[in-house]
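> One structure, as structure tokens, below. Some questions next.
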Amino acid sequence: MATIFSRIITGEIPSYKIAEEDRFFAFLDINPMAKGHTLVVPKQETDYLFDLDDTLLSEMMLFAKKVAKAIEAAVSCERVGVMVIGLEVPHAHIHLIPINREGDMNLANPRVNLSNEEFEEIAANIRSCFA
Ligand code: 5GP
């Protein structure tokens, strides 16, 4: 059965899309640690990030870099933090999280509640900065 992220990539499940290339897709995390929290995924279904082949992993990091630059341009933050967990969804993904201090990367922090309109606005702002 397709992973939830594959179903997001095909559009079967809606998402706040940020960017798409041949082999990668980026969209807002539905339960964000900060405004602009974005997930970067390969279209290929592989559970564990470090099981991706070298070429795909390298290209994914370059795609993530472009997404991070767009987040930096669109969201007020000191920098974009990078996190890999992967315990909830068995489809490799990189978390990109706008942060201002080390504590902003703490998984125990309360998540940010955003309305549909806020998600739409953030996604549109980041998309407009994606080169
Ligand atoms: P992890 O697997 O890295 O522990 O966490 C998976 C992440 O995916 C979580 O931050 C969670 O909020 C996010 N997530 C899970 N299901 C969905 C979904 O259906 N849509 C979106 N946009 N994000 C999801």
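> Gain in length, Tyr48 to Met83, computed as 0.36 nm per residue apart minus the alpha-carbon separation, to one decimal in nm? Each step should come with its number before you reach the end.
Values: separation 35, 0.36 × 35 = 12.60 nm, distance 1.34 nm.
Taking Tyr48 through Met83 to full extension adds about 11.3 nm, to one decimal.
> Further, regarding this structure: Please work out the FRET efficiency for the pair Cys129 and Met1, using the Cβ-Cβ distance as r and a Förster radius of 35 Å; give the result to the nearest 0.05.
Values: r = 35 Å, r/R0 = 1.00.
FRET efficiency, Cys129 to Met1: 0.50.
> Could you work out [θ]222 nm for the chain from helices alone, using -39500 (n - 2.57) per DSSP H run of at least four and dividing by all its residues? Round to the nearest 500 deg cm²/dmol.
Details: 3 runs with 41 residues, N = 131.
Taking each H run of at least 4 residues, the total per residue is -10000 deg cm²/dmol.
> Can you tell me the length gained on complete extension of the stretch Asp22 to Asp104, counting 0.36 nm per residue apart and subtracting the Cα distance? Display every interim value, and only then the final one.
Details: separation 82, 0.36 × 82 = 29.52 nm, distance 3.17 nm.
Separation in residues times 0.36 nm, less the Cα-Cα distance, equals 26.4 nm.
> Under 5 Å between amide H atoms, partner at least 5 residues away or on a different chain: which partners does Ile18 have, H built in plane at 1.01 Å?
Correct list: Ala26, Phe27, Leu28.
> With +1 on each Lys and Arg Cβ and -1 on each Asp and Glu Cβ, how big is the dipole of the stretch 4-129 about its Cα centre, in debye rounded to the nearest 20?
Values: 12 positive and 20 negative charges, 62 e Å.
In debye, rounded to 20, the stretch 4-129 gives about 300.
> Give me the net charge for the shell around Glu102: Cβ to Cβ below 15 angstrom, other residues only, Lys and Arg +1, Asp and Glu -1. Present the calculation step by step, with values, prior to reporting the outcome.
On the way: positive: Arg79, Arg101; negative: Glu78, Asp104.
My count for the surroundings of Glu102 gives 0.
> Between Asn113 and Ser58, what is the label-point separation in nm under the 7 Å Cα-to-beta-carbon projection?
4.6
> Given the peptides 19-29, 54-64, arrange them by the average over their residues of other C-beta atoms within 10 Å, most packed first. Mind showing how you got there, number by number?
Working: 19-29: 18.5, 54-64: 15.0.
With the highest mean Cβ count within 10 Å placed first, the list reads 19-29, 54-64.
> Where q = 0.12, 0.21, 0.23 Å⁻¹, what log10 of I(q)/I(0) comes from the Debye formula for the chain, counting one point per Cα?
For the requested q values the scattering log ratios are -0.41, -1.35, -1.59.
Throughout, read-outs are computed from the coordinates displayed, never taken from laboratory work. Keep in mind it's a predicted model, so treat the numbers as computed, not measured. A quick note on method: Cβ atoms are made from the backbone with ideal geometry, for glycine too, and the neighbour counts reach across all protein chains shown.
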